[in-house]
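In what follows, a single structure is set out as structure tokens and then discussed.
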Amino acid sequence: MQQRFNHAYIIGISFISALGGYLFGFDFAVISGALPFLRATFALNAWWEGFLTGSLALGCMAGCLAAGALADRYGRKPGLMLAAVIFTLSSLGMAFSQGLALFVTMRFAAGIGVGMASILSPLYIAEISPAHLRGRNVSINQLTIVIGILITNLVNYNLAAKGDEAWRWMFGLGAVPSLVFLLGVLLLPESPRWLMGKGRTAEAEKTLSRIGDAGFVNDTTRDIRASLQGSDRPSLKAVFEKAVRPAVIVGITLAVFQQLCGINIVFNYTSTIFASVGADLDSQLFETISIGIVNLVFTLVAMWQVDKLGRRPLMLIGSLGLSVVYIVLALLLRNQADVKFVSFFVLLAIAMYATSLAPVTWVLISEIFPNKIRGLASSIAIVSLWGAYFILVFTFPILAESLGTYGPFYLYAAICFLGFLFVRSKVRETKGKTLEQLEQHLIRH
């Protein structure tokens, strides 16, 4: 018998939870527009430019570690609320910073909030979504990330003419969406899978009954109960035990690959890339808007295809395509090509990433781990992701200074090709299966 679902309710709570992704997108993008001003205000050299940019990632790593423990002990909802509060305070702290040390400290604190949201938002959405909608719904988190990037780039572009202190407004305005997120989270139910893990079955069934019909509630509670049998409080030892180790290795590798593929250099150092081919500041900031629009459009394409074409084909196409585009882009930058040609291939790289590695990595991380360790295992994978992001953005100004702006893109092309080989040999398709079915098929085989 076909099950019926309350699609409006599912989409509504998915979007509220995914506002954590908007905060991620904001803090991720704001640095691109603010960096030209920060270089002048704090007299940044290549080392400090990389560290200031990457300090967000260090905070994200701390936030991920905290989020995993919080999610498994206190629930997904309290963790999301705490992330919103931290983000509000850190946004204001960056805006009012009078020195480099305080600014970097506040950016690190912002990273804690972003790191918590980067784990808990997709995790929560995966746990409240029916199997046939999970890929699309988790991709909503990526959609809010790219909306955050686009809106932030538009705001930065309009604030840039306000003078040398424009960067303070760029960061301070982050308090607005974080407060909206906090109010929204208050309306969310707790994850039914977490509730059942704590023995609160009646509450879990109440939430599930708002998502789907009685058949869905019965099937889901039965599957969750079976997956949790004999499970204890998750530990690092449980995460790395032999039965689940292959899934953990795949999750960590995909997370690291999503960052070391190099695309976030394009997002964070847009001004540096286009300045190297002669673009002025206005053109540099306008390019960030073009990047944001393409990113949004192709994220919608990914949401349309992730539950149809599947996770694995999208990852294969994206990783191989990026490898080729990076080689062309490096040649264009090396030969000081016209800005229009550079812009085209930058946007092509963004389109490939937005259709594949960007959303699909988050989907896979949210679904390949067993119920009993999902929070902790997800945190380990995403800590690895943020560690790779720090390495990427910290090293780029230093590499660009010694090799030229084009040089690092040859390295990113090689990494993308290796990622293609890894996905082809190690990643299985997950579309259309419940989290409990995936636990049986991917873990206990």
* **Hey, Ser276 modelled with pLDDT of 85 or more and more than 23 Å from the chain's Cα centre (by Cα) or not** => yes
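Every residue, every condition in (1) more than 25 Å from Ser378 (Cα to Cα); (2) out of contact with any strand residue (DSSP E or B) (no Cβ under 6 Å at 6 or more places or on another chain); (3) not aliphatic (A, V, I, L, M), yes or no:
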| position | (1), (2), (3) |
| --- | --- |
| Phe240 | no, yes, yes |
| Phe267 | no, yes, yes |
| Asp282 | yes, yes, yes |
| Leu285 | yes, yes, no |
| Gly310 | no, yes, yes |
| Pro313 | no, yes, yes |
| Leu322 | yes, yes, no |
| Asp338 | yes, yes, yes |
* Asked: How many of the residues in the range 300-336 are surrounded by 21 or more Cβ atoms within 10 Å (Cβ to Cβ), under 21 Å from the mean Cα position of the chain (by Cα) and hydrophobic (A, V, I, L, M, F, W, C)?
  -> 5
* Asked: Does the range 247-281 hold any residues that are among the aliphatic types (A, V, I, L, M) and open to solvent by less than 30 Å² (accessible area, probe 1.4 Å), and which are they?
  -> Ala247, Val248, Val250, Leu254, Ala255, Ile263, Ile265, Val266, Ile273, Val277, Ala279
* Asked: Out of all the residues in the range 17-31, is one or more assigned to a helix (DSSP H, G or I), at pLDDT 90 or above and out of contact with any Ser or Thr (no Cβ under 8 Å at 6 or more places or on another chain)?
  -> no
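Collect the residues in the range 190-225 that are touching a Phe, Trp or Tyr at 6+ places or on another chain (Cβ under 8 Å), crowded, with 17+ Cβ neighbours inside 10 Å and not β-branched (Val, Ile, Thr), keeping them in residue-number order. Please lay out each step first, then the result.
Of all residues in the range 190-225, those touching a Phe, Trp or Tyr at 6+ places or on another chain (Cβ under 8 Å) come to 191, 208, 210-213, 216.
When the remaining residues are screened for being crowded, with 17+ Cβ neighbours inside 10 Å, the result is 191, 208, 211-212, 216.
If the condition is that a residue be touching a Phe, Trp or Tyr at 6+ places or on another chain (Cβ under 8 Å), crowded, with 17+ Cβ neighbours inside 10 Å and not β-branched (Val, Ile, Thr), then Ser191, Leu208, Gly212, Phe216 are the ones that fit.
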* Structure fact -> Result of the Cβ filter at 7 Å on the range 97-126, keeping first residues that are within 14 Å of Val138 (Cβ to Cβ) and among the aliphatic types (A, V, I, L, M) and partners that are open to solvent by 10 Å² or more (accessible area, probe 1.4 Å) and part of a helix (DSSP H, G or I), at least 6 apart or interchain, is Ala117/Phe24
* Asked: Within the range 354-410, which residues are open to solvent by 10 Å² or more (accessible area, probe 1.4 Å) and of a type in the set (Ser, Thr, Tyr)?
  -> Thr355, Ser384, Thr395, Ser402, Thr405, Tyr406, Tyr410
* Structure fact -> Scanning the range 160-174 for residues that are crowded, with 18+ Cβ neighbours inside 10 Å, assigned to a helix (DSSP H, G or I) and at pLDDT 90 or above gives Trp167, Arg168, Met170, Phe171
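Would it be correct to say that Val297 is of a type outside the set (Lys, Arg) and either open to solvent by 50 Å² or more (accessible area, probe 1.4 Å) or without any contact (Cβ under 8 Å) to a residue 24 or more places away in the chain (or both)?
Against the criterion (of a type outside the set (Lys, Arg) and either open to solvent by 50 Å² or more (accessible area, probe 1.4 Å) or without any contact (Cβ under 8 Å) to a residue 24 or more places away in the chain (or both)), Val297 qualifies.
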* Does at least one position in the range 146-159 carry a residue that is under 18 Å from Phe96 (Cα atoms) and either open to solvent by less than 70 Å² (accessible area, probe 1.4 Å) or in contact (Cβ under 8 Å) with a residue 40 or more places away in the chain (or both)? -> yes
* What is the one condition in (1) of a type in the set (A, V, I, L, M); (2) assigned to a helix (DSSP H, G or I); (3) at pLDDT 90 or above that Leu188 does not satisfy? -> (2)
* Asked: Counting only residues that are over 14 Å from Thr253 (Cβ atoms) and assigned to a helix (DSSP H, G or I), how many does the range 361-395 have?
  -> 20
* To do: Evaluate the following for Gly135: is it closer than 27 Å to Val297 by Cα, surrounded by 22 or more Cβ atoms within 10 Å (Cβ to Cβ) and not hydrophobic (A, V, I, L, M, F, W, C)?
  => yes
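Being β-branched (Val, Ile, Thr) and either modelled with pLDDT of 85 or more or farther than 22 Å from Lys77 by Cβ (or both) is the filter here, so list the residues in the range 351-379 that pass it.
First pass over the range 351-379, keeping only residues β-branched (Val, Ile, Thr): 355, 360-361, 363, 365, 368, 373.
Hits for the range 351-379 are Thr355, Val360, Thr361, Ile368.
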* Asked: Could you list, in sequence order, the residues of the range 333-352 that are hydrophobic (A, V, I, L, M, F, W, C), touching a residue at least 12 places away in the same chain (Cβ under 8 Å) and assigned to a helix (DSSP H, G or I)?
  -> Leu333, Val339, Val342, Phe345, Val346, Leu347, Leu348, Ala349, Ile350, Ala351, Met352
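For the condition open to solvent by 10 Å² or more (accessible area, probe 1.4 Å) and at pLDDT below 90, what is the one hit in Leu70, Leu123, Leu102, Leu92?
Numbers: Leu123 fails: open to solvent by 10 Å² or more (accessible area, probe 1.4 Å); Leu102 fails: at pLDDT below 90; Leu92 fails: at pLDDT below 90.
Residue meeting the stated conditions: Leu70.
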* **Restricting the range 71-88 to residues that are of a type in the set (A, V, I, L, M) and in contact (Cβ under 8 Å) with a residue 60 or more places away in the chain, the residue that is farthest from Gly20 (Cα to Cα)** => Ala71
* Looking at the range 84-120, which of its residues are touching a Phe, Trp or Tyr at 6+ places or on another chain (Cβ under 8 Å), small (Gly, Ala, Ser) and in a helix (DSSP H, G or I)? -> Ala84, Ser91, Ala95, Ala110, Gly111, Gly113, Gly115, Ala117, Ser118
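The values are calculated or read from the model by the stated rules, or taken from the named source; none is laboratory data. As the structure is a prediction and not an experimental result, all values here were calculated from the model. Methodologically, a virtual Cβ is constructed for each residue, glycine included, from the backbone with ideal geometry; neighbour enumeration extends over all protein chains shown. Accessible surface areas use protein heavy atoms only, side chains included; no ligands, DNA or RNA. Shrake-Rupley method; radii C 1.70, N 1.55, O 1.52, S 1.80 Å.
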